[in-house]
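The values are calculated or read from the model by the stated rules, or taken from the named source; none is laboratory data. From a predicted model like this one, the values you see are computed outputs, not experimental measurements. Cβ sites come from the backbone with ideal geometry, for glycine too, and all protein chains shown count toward neighbours.
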Amino acid sequence: MKKRESGFTLIELLIVIAIIGILAAIAIPNLLSAVQRGRQKRTMGDMRSLATAIEAYAVDNNNYPAGSCQTGAFTTAGPQMTLTTLIILQPTYIAQAPRVDGWQRFMYYNTQGPALNPDQYNIISYGRDGAADGSAKCGSTTNFNDDIIYSNGTFLQWPEGTQQ
């Protein structure tokens with residue numbers, strides 16, 4: 001009697017490899033999209049936290065903290081934040097003010113109104129590409145590269161739905 005060798009045939013191995021390849025082709029784009037969506041949501045959460053601290057400061061001091069010498073409209077980006085921007089909020093209003101977005105780039109902060117008593121503010125992240133989109137689209141966006149704009153207690157432009 002001949003002893004039969006056990007193991008997988010070449011066809012069986014190729015079929016398994018093809019199935020794994022198909023599953024990877026489906027899963028990898030979804031994973032990459034989920035990572036970018038996570039960065040967007042982290043940025044939005046950081047903006048909300050920072051805005052809460054700014055609002056609390058405004059309640060106590062009757063004005064928003066000046067972030068720069070520059071003023072602008074709701075969607076006009078101010079200067080890029082630095083490690084010392086809004087240091088006045090720490091530790092009374094927020095333990096550590098978030099200054100970078102989910103893509104590890106500094107966000108932008110701006111105020112508008114009288115120089116010594118600004119009455120409006122905005123916080124802007126330029127999204128995945130780090131470049132300004134120009135004028136605000138206002139409303140929801142479907143592109144990771146679109147700006148995220150938070151102004152006076154609400155998002156003016158934000159990501160929603162399936163992103164590209």
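Table for the structure above
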read-out: Pair list, Cβ under 8 Å, 6 or more apart: segment 141-164 residue more than 26 Å from Ala56 (Cα to Cα), other residue of a type in the set (A, V, I, L, M) and part of a loop (DSSP other than H, G, I, E, B); value: Asn145/Ala131
read-out: Test for Ser151: is it buried (at least 17 other Cβ atoms within 10 Å of the Cβ), polar (S, T, N, Q) and modelled with pLDDT under 90; value: yes
read-out: Total residues in segment 116-135, condition in a loop (DSSP other than H, G, I, E, B) and farther than 22 Å from Gly38 by Cα; value: 6
read-out: Residues (crowded, with 18+ Cβ neighbours inside 10 Å, modelled with pLDDT of 85 or more and not polar (S, T, N, Q)) located in segment 106-143; value: Met107, Tyr108, Tyr109, Tyr121, Ile123, Ile124, Tyr126, Gly127, Arg128
read-out: Residues of segment 94-104 classified as out of contact with any strand residue (DSSP E or B) (no Cβ under 6 Å at 6 or more places or on another chain) and either of a type in the set (A, V, I, L, M, F, W, C) or surrounded by fewer than 18 Cβ atoms within 10 Å (Cβ to Cβ) (or both), total; value: 6
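Quick grid of which residues meet (1) part of a loop (DSSP other than H, G, I, E, B); (2) free of Cβ contacts under 8 Å to residues at least 60 places away in the same chain; (3) within 17 Å of Tyr64 (Cβ to Cβ):
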residue: Gly78; (1), (2), (3): yes, yes, yes
residue: Pro91; (1), (2), (3): yes, yes, no
residue: Thr111; (1), (2), (3): no, yes, yes
residue: Pro114; (1), (2), (3): yes, yes, yes
